[in-house]
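Following: one structure in structure tokens, then a few remarks.
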């Protein structure tokens, strides 16, 4: 059995490229079609109804590219709209929240887990609800880190500014004695080195992008949709707008050359 | 002659509240109606066509509140759409770019002017074009400071993180020997103290919010639309969405209590 169709991945912007990076690492045979809704970023400040509508439009676009599976590489969509999308679409859809929760439950020894993300993600309470459903004994310590996204986009990955910011955000979580920390935002893997330095070596850092790629691999195997063919994969990147420095910032997130980026007019995304 | 109708002020989000703050200082008799399009923020990443369309919708909303004059308290709108708006609307409309340019031209002695703003504002080249039109001898040194907006919204107004960030952004402009610096973003007045420390006492800092309020005062006087009546002003604040911490962040920008904020459904903003 071999399914050569691409994996579809979408995000409100470019953050989801860290998930693409991990999928490239783990599933080198698979083709990828990425859609970043850069014209309507951010989703985090919008209502759940609007987020679900935008996500559907993003998925319809990917469906027209004949994808076999969709990854909602966006914490906002995964937090507030995933159940509705899974129920209404006729193909497998994975989010970025569940893989991190699963990995954290396996990793924690003392049942004290930290979660960092955008204000929208932290205040949605989605992570807390997921943990409560799986293991009510796990105690969650969450912290919104609004400066991490612009620091990652600015490329100040190991700057003193970033280190000092990380100390301010992370010290309160560290003091709670968490043994596991979930990076609950697709931008944060870029800051992993600084976050590791502040949290110390003993804390397990769960990279949602990495865990999502693992889950995609498991799912493709389970439903026998892997691309086992020998032909090389081909990738395509679509965005709804190309802001200044998009190429440079995008390549930092992808960790690779970002070839073949096409702007899709929002009017055609129905 | 006395015109008791309110001044209408709009922005893509809450940054324009710094302009409201200055209007309160300078024109204590005037009532203000503010509209922040928080559901569609930011405008800076959107195309000029879309920005003009959004700005028109914002103005139509203000017109329904019977305003006598409109301030586009948004650098993106003022940069890319103001001429079209002024031409198509039947009331006075002022932006935030021209007042800063005017003040800088009056202030500079050595014709070396620095401009800081968002990536969108800096790369639009609007300031350069305006200076060239008025005085081609003025040399412009501009720098995008993407972290200043989230630092202002986070409230880290005098943090070491902010000081260090300001040094990284501003040193190159300072080294060019500018004697005048325009704060080309409505968020930046909150960081004026740190910006002043980095630039030194000898550089004139032009606060666009302050200069815009001055120009509003001049215009109202010129067209005899001041409110000379004794009745106290009343203010109203409308937003298209109320994100988490809106009240707290908004009050930091306004420098005052933010009473009476009403969410207007985007569907009704036509």
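Return the only residue of B:181, B:157 being touching a helix residue (DSSP H, G or I) at 6+ places or on another chain (Cβ under 8 Å) and under 24 Å from residue A:120 (Cα atoms).
Values: B:181 fails: under 24 Å from residue A:120 (Cα atoms).
Result of the check over B:181, B:157: B:157.
Those residues that are away from every other protein chain (no Cβ under 14 Å) and surrounded by 19 or more Cβ atoms within 10 Å (Cβ to Cβ), I need them from region A:192-204; list them, please.
Residues satisfying the conditions are A:195, A:199, A:203.
For region A:145-154, which positions are modelled with pLDDT of 95 or more and either over 22 Å from residue A:204 (Cβ atoms) or surrounded by fewer than 23 Cβ atoms within 10 Å (Cβ to Cβ) (or both)?
A:147, A:151
Restricting attention to region B:39-62, which residues are over 18 Å from residue B:81 (Cα atoms) and either buried (at least 22 other Cβ atoms within 10 Å of the Cβ) or at pLDDT 95 or above (or both)? Working first, answer last.
Looking only at region B:39-62, we keep the residues that are over 18 Å from residue B:81 (Cα atoms), and these are B:39.
Across region B:39-62, there are no qualifying residues.
Against the conditions (1) in contact with a strand residue (DSSP E or B) (Cβ under 6 Å, 6 or more places away or on another chain); (2) touching a residue at least 40 places away in the same chain (Cβ under 8 Å), where does residue A:97 fall short? Just the number, please.
Here residue A:97 clears every test but (1).
With the structure loaded, tell me whether residue B:165 is touching a helix residue (DSSP H, G or I) at 6+ places or on another chain (Cβ under 6 Å) and closer than 22 Å to residue A:159 by Cα or whether it fails that test.
yes
Taking region A:120-159, which residues are more than 11 Å from chain B (Cβ to nearest Cβ) and on the phi > 0 side of the Ramachandran plot?
A:125
Within region B:107-119, can one find any residue that is within 14 Å of chain A (Cβ to nearest Cβ) and either over 25 Å from residue B:245 (Cα atoms) or surrounded by fewer than 22 Cβ atoms within 10 Å (Cβ to Cβ) (or both)?
Yes - at least one qualifying residue is present in region B:107-119.
(1) under 29 Å from residue A:47 (Cβ atoms); (2) modelled with pLDDT under 95; (3) more than 15 Å from the chain's Cα centre (by Cα): which one isn't true of residue B:125, the others all being true?
(1)
So that you can scan it fast, the table gives a plain yes or no per residue for (1) under 22 Å from the mean Cα position of the chain (by Cα); (2) under 28 Å from residue A:163 (Cβ atoms):
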site: A:196; (1), (2): yes, yes
site: A:212; (1), (2): yes, yes
site: A:215; (1), (2): yes, no
site: A:231; (1), (2): no, no
site: A:239; (1), (2): yes, no
site: A:258; (1), (2): yes, yes
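Of the residues in region B:223-237, how many are outside any loop (DSSP other than H, G, I, E, B), touching a helix residue (DSSP H, G or I) at 6+ places or on another chain (Cβ under 9 Å) and either within 14 Å of chain A (Cβ to nearest Cβ) or under 16 Å from residue B:5 (Cβ atoms) (or both)?
Residues that pass the stated criteria total 0.
Among the residues of region B:155-187, write down those that are more than 19 Å from residue A:164 (Cβ to Cβ), touching a strand residue (DSSP E or B) at 6+ places or on another chain (Cβ under 7 Å) and either part of a helix (DSSP H, G or I) or not assigned by TED's automatic domain parsing to the domain that holds residue B:118 (or both). Before the answer, list the steps.
Taking region B:155-187 and keeping what is more than 19 Å from residue A:164 (Cβ to Cβ), we get B:172-187.
Adding the requirement that they be touching a strand residue (DSSP E or B) at 6+ places or on another chain (Cβ under 7 Å) leaves B:172-173, B:176-186.
Across region B:155-187, the qualifying residues are B:172, B:173.
The values are calculated or read from the model by the stated rules, or taken from the named source; none is laboratory data. What you see is a predicted model, and the numbers here were worked out from it, not measured in a lab. Because the Cβ atoms are built from the backbone with ideal geometry, glycine has one as well, and the counts that use them run over all protein chains shown.
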